[in-house]
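Readers should treat all values here as calculations from the given coordinates under stated rules, not as data from a laboratory. Since the model is a prediction, treat every value here as computed from it, not as a measurement. Counting neighbours? That spans all protein chains shown, and the Cβs are built from the backbone with ideal geometry, glycine included.
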Amino acid sequence: MQSFKDVELIKKANIYFDGNVTSRTFIDSNGDKKSLGIMMVGEYLFGTVEAEIMEIIEGEVEVKLKGEEEWKTYKSGSSFSIPSNSSFDIKVKTISDYCCSYIK
């Protein structure tokens with residue numbers, strides 16, 4: 001999906017890691033919460049409350065989910081899932097544009 005129509009946009013930005021990761025949250029026309037953001041090159045640890053699907057729109061990252069030993073590479077057009085109440089390490093190899101969908 002290239003665009004979203006009829007959304008409710010949350011004005012306040014989500015800013016993490018001294019501004020190296022930013023996003024904006026919105027509610028789509030189905031009532032589902034999502035965020036669109038940018039990650040600068042670096043290594044980050046994120047925690048989750050809700051389960052998430054992270055789509056890499058543009059860029060390249062390596063991800064290691066909590067409890068796993070193996071790093072997996074995700075490039076433009078790919079996605080990965082993160083369970084609720086968990087965490088993941090991410091190595092951003094190139095500036096990356098992403099969409100995160102929160103699963104109820």
Inset, instruction - Would you grab the residues whose amide H sits under 5 Å from the one on V41? Only those 5+ places off in sequence or on another chain, please, with H modelled 1.01 Å from N. - result: I95
Legend entry - Computed magnitude of the charge dipole of the chain (debye, nearest 20; Cβ of K, R +1, Cβ of D, E -1): 240
Legend entry - Nonlocal amide H pairs with S87, under 5 Å, H built at 1.01 Å: T48, K66
Inset, instruction - Would you work out the relative contact order for the chain, in percent, from Cα pairs under 8 angstrom that are 6 or more residues apart? - result: 31
Inset, instruction - Please say if the stretch 31-104 is rounded, prolate or oblate, where rounded means a/c under 1.5 for a ≥ b ≥ c the square roots of the C-alpha gyration tensor eigenvalues, and otherwise the choice is prolate for a/b larger than b/c and oblate otherwise? - result: oblate
Inset, instruction - Set the Förster distance to 22 Å, then compute FRET efficiency between T22 and E43 from the Cβ-Cβ distance, nearest 0.05. - result: 0.85
Legend entry - Members of K33/K72; K5/K34; K34/K72; K12/K33; K12/K75; K72/K93 lying beyond 19 Å, as alpha-carbon distances in this model show: K33/K72; K34/K72; K12/K75
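Express in nm, to one decimal, how much length is gained between A51 and K93 on full extension, taking 0.36 nm for each residue of separation and deducting their alpha carbon distance. Could you put the intermediate results ahead of the total?
Details: separation 42, 0.36 × 42 = 15.12 nm, distance 2.39 nm.
Separation in residues times 0.36 nm, less the Cα-Cα distance, equals 12.7 nm.
Just to confirm the filter: which GluC sites (Glu not before Pro) across the stretch 45-104 are DSSP coil and have at most 15 other Cβ within 10 angstrom of their Cβ?
E50, E68, E69, E70
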